[in-house]
1. Determine, yes or no, whether residue 378 is among the basic types (Lys, Arg) and at pLDDT 70 or above.
2. Collect the residues in region 401-418 that are touching a residue at least 60 places away in the same chain (Cβ under 8 Å), over 15 Å from the mean Cα position of the chain (by Cα) and farther than 19 Å from residue 320 by Cβ, keeping them in residue-number order.
3. Residue under question is residue 386, and the condition is that it be closer than 22 Å to residue 350 by Cβ and of a type in the set (Phe, Trp, Tyr); does it hold?
4. Looking at region 214-253, which of the residues that are small (Gly, Ala, Ser) and surrounded by 13 or more Cβ atoms within 10 Å (Cβ to Cβ) is farthest from residue 274 (Cα to Cα)?
5. Report the residue count in region 136-151 for those that are buried (at least 18 other Cβ atoms within 10 Å of the Cβ), modelled with pLDDT of 75 or more and either under 16 Å from residue 104 (Cα atoms) or in contact with a helix residue (DSSP H, G or I) (Cβ under 8 Å, 6 or more places away or on another chain) (or both).
6. Just for region 187-213: of the residues that are touching a helix residue (DSSP H, G or I) at 6+ places or on another chain (Cβ under 9 Å) and aliphatic (A, V, I, L, M), which one is nearest to residue 274 (Cα to Cα)?
7. Can you tell which of 299, 322 is closer than 30 Å to residue 402 by Cβ, charged (D, E, K, R) and touching a residue at least 40 places away in the same chain (Cβ under 8 Å)?
8. Can you tell me which condition residue 49 does not meet? The list is (1) assigned to a loop (DSSP other than H, G, I, E, B); (2) of a type in the set (A, V, I, L, M, F, W, C); (3) farther than 28 Å from residue 414 by Cα, and all the others hold.
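The values are calculated or read from the model by the stated rules, or taken from the named source; none is laboratory data. None of these values were measured; they are calculated from a predicted model. Every residue, glycine among them, receives a Cβ derived from its backbone with ideal geometry; neighbour counts consider all protein chains shown.
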Amino acid sequence: MQSKTRWTALSPGFTSRLLQCLIGWRYATLAGSTAALRIGYAIVKGGHISVNLQEDVSYSEFHVHLNPPLDTPYNIIQQRVAQFLDALDKVETELNPEPTSHMPRLIEGIEVILDEMDPMIYVEFTSEARKRFHVREIVTSWYRHIGDFKPDFHTPTEKELIDLEIELLAQDPEILDAAADALKTHIMRYPGIVDLSDSRKPGKSEIRFRLKPEGERLGLRLKDLAEQIRHAYHGEEAQRFMRGRFEVKIQVRHPRKERETIENLLAMPIRLPNGGQAQLGILADIDFAPGFGALMRADRMGVVKLHVQLVDSPPVSDSVIDQELAAQFFPALEQQYRGIKISRGEAAEEADEIMADLKRNTLIALAMIYGLLAVTFKSYIQPLLFLLTVPVAWLGAVLIHWLMGLNFSFQSLVGMVAASGVVVNDSVVLLHFIRKRRAEFTHLADLIINICISRFRPILQDLHPCFSKPANKPNSSCRLPSLWQPD
């Protein structure tokens, strides 16, 4: 029968011996602390923990933009939608092979919008599926079953589920296309790439005209030629009148039969500046070329956006890919294609701006803490000693995120800043106790050990109620982990 309870790892005796060791080997303690801080810094800089300020929550629903080519027939769109729904059934079988009463299905509801320009599929999850799976897991599994048709997955807030976004800007469209193709080829060399898409969308095939020397010799301009062709096929307004409350426009154009074949187009009469006429085939050459489905421009330059989607737990994280591209490939690409500009996308730029503001505000907060402490203690050295606890608190956050496999979120960073004030406040309280009881001890080391033990006990009491009991009155109802069991 035990007359006294003593904790093996967290007892006052053990803590006292540990503190004596740390104080006796103070230079080794300082070196070890410095090495731990450098290890934490290396973990962050090495990309083992990335900063992700974007939303990373599992939603109860999401929707898919199929993005078919502009000239896709309606029956092909219907087949693609059916293919997507079949792939969704395969996802259900893959992630939930044995339905149970707790989770009979992953998908609770599906809504399909069959639009020729932008068909969409809305998917709603069950509450049990949301608890067990992240939306990215379902999207990644869906990607494996939909074939070569690459859609856009969006959250309810209209944010795409992408891991990396890169923007290319250039005035010359040929340089822009060549640079975008080179970058896509380089990115596909990284393992774990599920999808790589860009914002370039080819439009429908269109006819382009080029004046022949005969047309230029007759004084015809390409603008005049385009206007006459437009009036012939689209119509030219001849009259406008009111019919009751409505305005009626009368447009004149060629009959339908004369607008259905290329031969009729080449035989179309064109008015010349001298009053004569000539057939279109004599004045201009025509060829077929794909048009533009979408044009994106910024700062008077064309824009191509590349979206990269990675698998879950990829061999190379998106932050590592981003760092390697920025350090190695982007400078070479800008040197090879003159006039090209590379941006990391709106989300990354917004995250960089938030990080810059957070760093500045953190430095301001630490400077204010230092100023208040310097005025209170009338010293410039003691506040610096208090601020040395801030990197130690950050190190704890880094190690916890690393061990748990988590990335830094905005809430994590704000919590680290808040922890800075907490540890500084604890240091001030500790110094207050040391000054208050300085006369009771001959040696400063004994005073520090006693004060640290007395301040450490309230922390343990908050962690577990068993530590609130005196050492000679153990609580039989407590169940502590094996490390904390009494010896």
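1. Details: among the basic types (Lys, Arg): yes; at pLDDT 70 or above: yes.
Against the criterion (among the basic types (Lys, Arg) and at pLDDT 70 or above), residue 378 qualifies.
2. So the first thing to find is which residues in region 401-418 are touching a residue at least 60 places away in the same chain (Cβ under 8 Å), and the list is 401-402, 406-410, 413.
With the extra rule that they be over 15 Å from the mean Cα position of the chain (by Cα), the set shrinks to 401-402, 413.
Listed by number, the list holds a single entry, 413.
3. On the way: closer than 22 Å to residue 350 by Cβ: no; of a type in the set (Phe, Trp, Tyr): yes.
No, not satisfied.
4. Within region 214-253, the subset small (Gly, Ala, Ser) is 215, 219, 226, 232, 235, 238, 244.
Of the ones still in play, those that are also surrounded by 13 or more Cβ atoms within 10 Å (Cβ to Cβ) are 215, 232, 235.
Values: 215: 12, 232: 20, 235: 24 Å.
Among them, the one singled out is 235.
5. 4
6. 211
7. Answer to the selection: 322.
8. (3)
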